1. Select from L58, L76, N86 the residue farthest towards the positive end of the dipole of the chain; place +1 on Cβ of Lys and Arg, -1 on Cβ of Asp and Glu, and compute about the Cα centre.
2. Can you give the log10 of the normalised intensity I(q)/I(0) at q = 0.11, 0.17, 0.20, 0.22 Å⁻¹, computed with Debye over equal Cα scatterers of the chain?
3. Fully extended, how many nm does the chain gain between K100 and N38 (0.36 nm per residue separation, minus their Cα-Cα distance)?
4. With respect to the cross-link table entries K20/K56; K34/K102; K20/K79; K20/K100; K34/K105, which display a Cα-Cα separation exceeding 27 Å?
Amino acid sequence: MNVKFVNKGSRAEGLSYIVKFSINVFRILVIVIKFRPNLIISTGSAIAVPTFIFGKLLGSRTIFIESFCRVKTKTLTTKLIANLCNLLLVQWPRKVDEYKMKNCKYLGRLM
């Protein structure tokens, strides 16, 4: 199994975050092109957005697992990639109705 990681950053870091994010987007592009994954699974963060976009462009299936701590609101990442997901897993039953998407499923607590 090939597992690759990117640098972690926080939006609170300002310019440093923008630089790290840009480097990570390039790394993700290289990784997705090199390995052409059949499936991409993410639990979130901003880097999931370009990862899913590159993956979808190359035919990958995508699964996104929304954070367990999000009870009342949607995450920004989920808002951006919900339509790119083959499967969107939420960890609260009422979130299925909130997203109103056929690819959105509640399977219980996952993490």
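1. N86
2. Debye curve over Cα of the chain, log10 I(q)/I(0) at q = 0.11, 0.17, 0.20, 0.22 Å⁻¹: -0.37, -0.84, -1.08, -1.21.
3. That pair, K100 and N38, stretches by 19.7 nm at full extension.
4. K34/K102; K20/K100; K34/K105
All of the numbers you see were taken from the coordinates with simple rules; none came from a lab. All values derive from a computational prediction rather than experimental measurement. Every residue, glycine among them, receives a Cβ derived from its backbone with ideal geometry; neighbour counts consider all protein chains shown.
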